[in-house]
Amino acid sequence: MKWIILFSVLLLIMVAVYVANFFLNAALFRDNKWYTQTGHKMMNPDNFNKEKSTYTLIEEEQNQQGDIFWNQPFAHDYWLEVEGETLYSRLIITQPDSKKWVICMHGYRSFGQRDMAFVASKFSTQGYNIFVPDLRAHGKSTGDIIGMGWLDRLDLIKWIQEIIKMEPLAEIILFGGSMGAATVMMTSGEKLPNNVKGIISDCGYANVYDEFASIFHTAFKLPRFPVLTIANILAKKKVGYSLKEASSVSQLRSNELPVLFIHGTGDKFVPHQMLYENMEATTGVKESLIIEKAPHLSSFIYESDHYFETVFEFVKRYC
């Protein structure tokens, strides 16, 4: 009987290790066949099987406007070498004499133009010059490991430094959506130059461990234990950081910058309740914008005017 119990426990551990390793490969490595063919539809349902609606037309119009803005003569490719990786950004200088700058960070397994071209166009109307990076292992940037904001926070500091080289008196806003939101929140806990004035976080997660736990529950109908417990241990060796270490909440506890937190209540990828965890953590000035029924990274599609009025009023008031 004891041998049967021992064998069952060992078998369970072996299966859990296999599943944990499989999940890490799918979630945190750039080229993963299973994710490309199947996983993306399961893990981020907001991006698939959408019904056609008035919001579809709004999104298409926004994408067209963003693409036109992206390809204007004043927009240029900008490359940065960081620790053996070549990172890409679109540099868009609409107001050469302006001291106002924004860095717009895209979401998980996306790229800057797709997620942030329209947002960048809106900031340009307010006199901002703009960096829109592709995060490492995304878009035109090199790299195999997805940083989930944790590795990317150090890259974002490099982009901040690039702006200051061009304009020492720059006043910089950090804007991020989804994983980009986690990136700007995780960056907030680092020692930043005084040029950084404020943060806009749209549907960012509280930490990677809890985000993956949510995906396990909604996509795979599995509990976090024991697979995620093992994945958290394996991640440090496989990707250079643990899932619990990559935390917006822990970084926000050291933040004193004003932060506007945004989330849609219809988000199926990042639970909107995480907004409250992030808000509670930060020590700086904080406000929130909740958009009813908006799916993941779609709040500016559902209530575009209200969204950007709130963003720019917040910036004007606190930054």
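The values are calculated or read from the model by the stated rules, or taken from the named source; none is laboratory data. Keep in mind that this is a model prediction, so the values were computed, not measured. Neighbour counts are summed over all protein chains in view; Cβ atoms, including those assigned to glycine, are modelled from backbone coordinates with ideal geometry. Surface accessibility is based on the protein's heavy atoms, side chains included, excluding ligands, DNA and RNA. Shrake-Rupley method; radii C 1.70, N 1.55, O 1.52, S 1.80 Å.
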For region 135-183, report the accessible area per residue in Å² (1.4 Å probe, heavy atoms, rounded to an integer).
30 Å²
Nearest 10, in degrees from 0 to 90: the angle of helix 208-219 to the longest Cα principal axis of the chain is 70 degrees
Near Ile233, within a Cβ-to-Cβ distance under 14 Å, what is the net charge of the other residues, with Lys and Arg +1 and Asp and Glu -1?
+4
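Using unit Cβ charges (K, R positive; D, E negative) and no other charged atoms, how large, in debye to the nearest 20, is the dipole of the chain about its Cα centre? List each step's numbers first, then the result.
Numbers: 31 positive and 35 negative charges, 216 e Å.
Here the size comes out at about 1040 debye.
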Between Pro223, Pro73, Pro133, find the one with the highest GNM mean-square fluctuation for the chain; connect C-alpha pairs within less than 10 Å.
Pro73
Using θ = phi - 60° and the Karplus form 6.51 cos²θ - 1.76 cosθ + 1.60, what ³J(HN,Hα) does each residue of region 140-148 get, whole Hz, x for Gly and Pro?
8, 7, 7, x, 10, 9, 7, x, 6
Take the alpha-carbon centre of region 113-179, take the same for region 29-79, and report the distance between them in whole Å.
17 Å
Local electrostatic count, Tyr78, Cβ distance below 10 Å [Lys/Arg +1, Asp/Glu -1]
-1
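Where does the chain land at 222 nm, in deg cm²/dmol rounded to the nearest 500, when only DSSP H runs of n ≥ 4 count, each adding -39500 (n - 2.57), divided by all residues? Provide the component values of the computation, followed by the final result.
Details: 12 runs with 142 residues, N = 319.
Computed mean residue ellipticity for the chain: -14000 deg cm²/dmol.
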For volume of the Cα convex hull per residue in Å³, the listed values are [x] 136; [y] 118; [z] 128; which was obtained by calculation from the structure presented?
[x]
With θ set to phi - 60°, apply the Karplus curve 6.51 cos²θ - 1.76 cosθ + 1.60 along region 32-38 and write out the HN-Hα couplings as whole Hz, x wherever there is a Gly or Pro.
9, 4, 4, 4, 4, 7, 10
In whole Hz and in residue order, list the ³J(HN,Hα) couplings for region 182-192 that follow from phi through the Karplus curve 6.51 cos²θ - 1.76 cosθ + 1.60, θ = phi - 60°; x for Gly and Pro.
4, 4, 5, 5, 5, 5, 4, x, 8, 6, 10
Which of Gly39, Leu57, Gln95, positive extreme of dipole for region 32-172 (C-beta unit charges)
Gly39
Once neighbouring chains are kept in place and the probe is 1.4 Å, which whole percent of the accessible area of region 133-282 is contributed by carbon and sulfur?
54 percent
Where does region 1-99 land on Rg/Rh, using Cα atoms and the Kirkwood Rh?
1.23
Which of Thr94, Thr36, Thr282 ends up with the largest GNM mean-square fluctuation for the chain, with Cα atoms connected below 10 Å?
Thr36
If I build a Gaussian network model for the chain, linking alpha-carbon pairs within less than 10 angstrom, which residue out of Gly107, Gly176, Gly240 has the largest mean-square fluctuation?
Gly240
Under 5 Å from the placed amide H of Gly266, counting only residues 5+ away or on other chains, we find Lys293, Ala294
Could you give the size of the charge dipole of region 149-191 about its Cα centre, using +1 on the Cβ of each K and R and -1 on the Cβ of each D and E, expressed in debye and rounded to the nearest 20?
100 debye
Region 68-124: chymotrypsin sites (Phe, Trp or Tyr not before Pro) falling in loop per DSSP and having at most 16 other Cβ within 10 Å:
Phe74
Taking Cα atoms only, helix 2-28 is inclined relative to the longest principal axis of the chain by an angle, in degrees rounded to 10, of 20 degrees
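Which GluC sites (Glu not before Pro) in region 170-264 sit in a loop by DSSP (not H, G, I, E or B) and have at most 15 other Cβ atoms within 10 Å of their own Cβ? Provide the component values of the computation, followed by the final result.
Values: sites: Glu171, Glu190, Glu211, Glu245, Glu256; in loops: Glu190, Glu245, Glu256.
Answer by residue number: Glu190, Glu245, Glu256.
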Whose amide H sits under 5 Å from the amide H of Lys286, counting only residues 5 or more places off or on another chain, with H placed in the peptide plane?
Val259
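Please report the net charge: other residues with Cβ closer than 11 Å to the Cβ of Leu87, K and R +1, D and E -1. Could the numbers behind the result be given before it?
Working: positive: Arg136, Lys140, Lys158; negative: Glu81, Glu83, Glu85, Asp134, Asp152, Asp155, Glu162.
Value of the local net charge: -4.
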